Structures are given as C-alpha cells and as structure tokens.
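So the structure is just underneath, and the comments pick up after that.
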Amino acid sequence: MPNEAEKKARYEAYKERAKAAQAAYDNFRYTDVQREQVLDLVAQAMKVIRGEAAFDSLERLLHVIDIGKGQQPNPSTQHAFDARFLNKWTSIYVNTIPRRDGKPGFEPAHFQIEFKPAIKMQRERLEGLLGLKIVPGWTSDGGNLQYEIPQLHGRAAFDGGVFRYSPLKQPQENFEIEVVFTYLNGPDHNPYAATQLVRLQISRNYLTPEQIKQRDDKKFGHLPQTGERAPKDGRYLALFANDALTASVPPERRTCTYDKGQWLGPVHLNDSATGQTDAVHAWWQWIGPDPLAAEIEKLFPRRS
C-alpha cells in the first residue's frame, strides 16, 4: 500500500501530465494541408452518402480502425476511421444500415466528423463544395440557421450557430440528404460570422412510400406510370425516378408500343451486380405513333 507521501507524489505527477496534455490540445493548430485533406474527404463522403460512390472509396482515403454499434440512425453499425492525419482527438465515422431492399450488404446512412479542437473552415466554402441550398434565416422560416445552443450552467455562452441544409439537387432515391454544420466562436455572438467548425454531418433521411410517390408525381407531372392504362395508341419511352438510371439505359431498351387502354408495365433491367433481372417502375412518355401501326392494321384489321 502506498503511503500518503507516495499518493501525493502520484497525484502531483498526474496533474502535471494533465496540464501538459491540456496545453498540447490548446496550442494545437491545423495546417492548410490538413484543411485541404478535410475538404477532399468531405466531398467524397457526400458522394458516398448520396449513393454516387462506393463505401470503399472512403476506405481508400482512410482506414477503418474500429466497427461497433452506431446511434444515427438507430440501430446502425459505426465504422470509425483513422483520424490521426489530423490529430489524436478528432473522430470520423460512417454509420451504416442493412440494405433496405433485402439484398446482401449495407448502405451508408450517416457521415460525421467531430473536430477536436475546432477547425477554422469558411462556411461558404463548404456550402459551395457540397452544392447546398443557401437560405438566410431560421429553419422554422425555411432558412438554414437552426438555433443557438442554450447556455449550460457553469459554461460560457454559445456564440456560434447550427446550420442545416438540403442539397440543390436531391438524389432520386428512397432518401433525401441533409447536411449540418455546427460552428463556435463567432465574434459578437453573430452565428453568420462564426469560423470555427466543430461538427459536420451528412445524413440520409429515408422517405416513406407515400413521400416517394408525392416526390415522383411532382417530378413527372401528368405522365402515366406502371400500373396505369395508356391514354392513347403509340410508342412510349420509359423514364425512371433515378435520373442516372434513365441516362444509363439506351432509349431502344426502354421504348415500347402500347394500345390505348392497355396496362403500362415495368421495364425489366439486368442488375450487373447480382446477375438478376429486376422489374423497374417507370413513367411512360408518349413519343409518337408507331410507324408500323398502319401496316399492322392492314395485315390484322381490328374488329369493330
């Protein structure tokens, strides 16, 4: 058993180590190179969360050092990345959930960086990099500024701001993207002048089937869709909710002739990842009469 003198000596040594550690934290400064690395990482993370790049594209930038239980969304799996290219205090992670279509694998649902200490990062540069919709004012009025964190007992007043954004162009998926920046240390308690970023989040907000239908109906307007009847005879071109899919499938593979009143079907496409053929819901755009219709009518006249 240590005596009182030894206990006191150990405690004094501990205080010196804690003081030195705090000084190292307080005196830490990010370099311009580190800030550029952060911007590269955040840009790639946005592509991953949007579904435009594979998860392992982040792993090529940083190694995953731990996998555990995530919190956002709940339940999820947290993939913690090696943040030592910045310092030993900052944390970077992606939370994933099982694929919602039932296929093997997972999908990235939430990306977050907790900067410790805060990093000087101009908000305008992040807004441009991520293609965000900028609306001044409070979120309750349709703006980006959410709220000021209330002052806690014994803590200094918060003098930054929490900013929430939607991208200028949402992905045509079963989710929408939300981006959140949390800033500290704005001069004169003005959140718009804050420069010290402490948290950056990019998340998927999954939509209900009804929300997806409302979104897609708004996009395609009056176009008839799979499961409805063709309004008139002719050739129809299939369009998909996912613009990238529409662009990737040649028109000849998504063009079909329908008679007036005929049920409009899905488009059957091959999934190169699984080797399976999937029936894809489509909106059908009339592109003109079938050029062979007159000849077919001569050969096979319709009964009156």
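The values are calculated or read from the model by the stated rules, or taken from the named source; none is laboratory data. Note that the coordinates shown come from a computational prediction; the quantities given were computed from them, not determined experimentally. Note that each Cβ is placed from the backbone with ideal geometry, even for glycine, and that neighbours are counted across all protein chains shown.
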*Among residues belonging to segment 241-259 that are farther than 14 Å from Trp284 by Cα and of a type in the set (A, V, I, L, M), point out the one that is farthest from the chain's Cα centre (by Cα).*
Val249
*Inside segment 262-276, can you point out the residues that are of a type outside the set (Val, Ile, Thr), at pLDDT below 85 and either in a loop (DSSP other than H, G, I, E, B) or in contact with a helix residue (DSSP H, G or I) (Cβ under 7 Å, 6 or more places away or on another chain) (or both)?*
Asp271, Ser272, Ala273, Gly275, Gln276
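Looking only at segment 180-229, which residues are in a helix (DSSP H, G or I) and basic (Lys, Arg)? Step through it out loud before you land on a result.
Our first condition is that a residue be in a helix (DSSP H, G or I); within segment 180-229, this holds for 187-189, 191-193, 209-220.
Scanning segment 180-229 gives Lys213, Arg215, Lys218, Lys219.
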*What about Tyr30, is it farther than 28 Å from Tyr206 by Cβ, in contact with a Phe, Trp or Tyr (Cβ under 9 Å, 6 or more places away or on another chain) and at pLDDT 95 or above?*
yes
*What are the pairs, 6+ residues apart or on separate chains, where a residue within segment 163-190 that is closer than 16 Å to Asp243 by Cα has its Cβ under 6 Å from a residue that is at pLDDT 90 or above and of a type in the set (Asp, Glu)?*
Gln170/Glu176
*Could you say which residue among Asp82, Asp101, Asp56 is loosely packed, with under 14 Cβ neighbours inside 10 Å, under 26 Å from the mean Cα position of the chain (by Cα) and within 26 Å of Gly131 (Cα to Cα)?*
Asp56
*Residues in segment 91-132 that are of a type in the set (D, E, K, R) and free of Cβ contacts under 8 Å to residues at least 24 places away in the same chain: how many?*
3
*List the number of the failed condition for Lys8; all other conditions in (1) outside the structural domain of Val94 (by TED's automatic domain parsing); (2) under 26 Å from Gln172 (Cβ atoms) hold.*
(2)
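Among the residues of segment 48-57, is there at least one that is part of a loop (DSSP other than H, G, I, E, B) and among the aromatic types (Phe, Trp, Tyr)? Break it down stepwise before answering.
Step one: filter segment 48-57 for residues part of a loop (DSSP other than H, G, I, E, B), giving 51-55.
Pick out the ones that are also among the aromatic types (Phe, Trp, Tyr) and you get 55.
Within segment 48-57 (the criterion being part of a loop (DSSP other than H, G, I, E, B) and among the aromatic types (Phe, Trp, Tyr)), the answer is yes, since at least one residue qualifies.
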*Could you grab me the full set of residues in segment 282-301 that are more than 26 Å from the chain's Cα centre (by Cα), part of a loop (DSSP other than H, G, I, E, B) and either closer than 25 Å to Asp216 by Cα or at pLDDT below 70 (or both)?*
Phe300, Pro301
*Could you please tell me which pairs satisfy a Cβ distance under 7 Å, a separation of 6+ or placement on different chains, a first residue in segment 33-50 that is closer than 15 Å to Gly128 by Cα and in the same structural domain as Leu130 (by TED's automatic domain parsing), and a second residue that is of a type in the set (Asp, Glu) and surrounded by 19 or more Cβ atoms within 10 Å (Cβ to Cβ)?*
none
*From the list Ala247, Ala279, which residue is without any contact (Cβ under 8 Å) to a residue 60 or more places away in the chain, small (Gly, Ala, Ser) and assigned to a helix (DSSP H, G or I)?*
Ala247
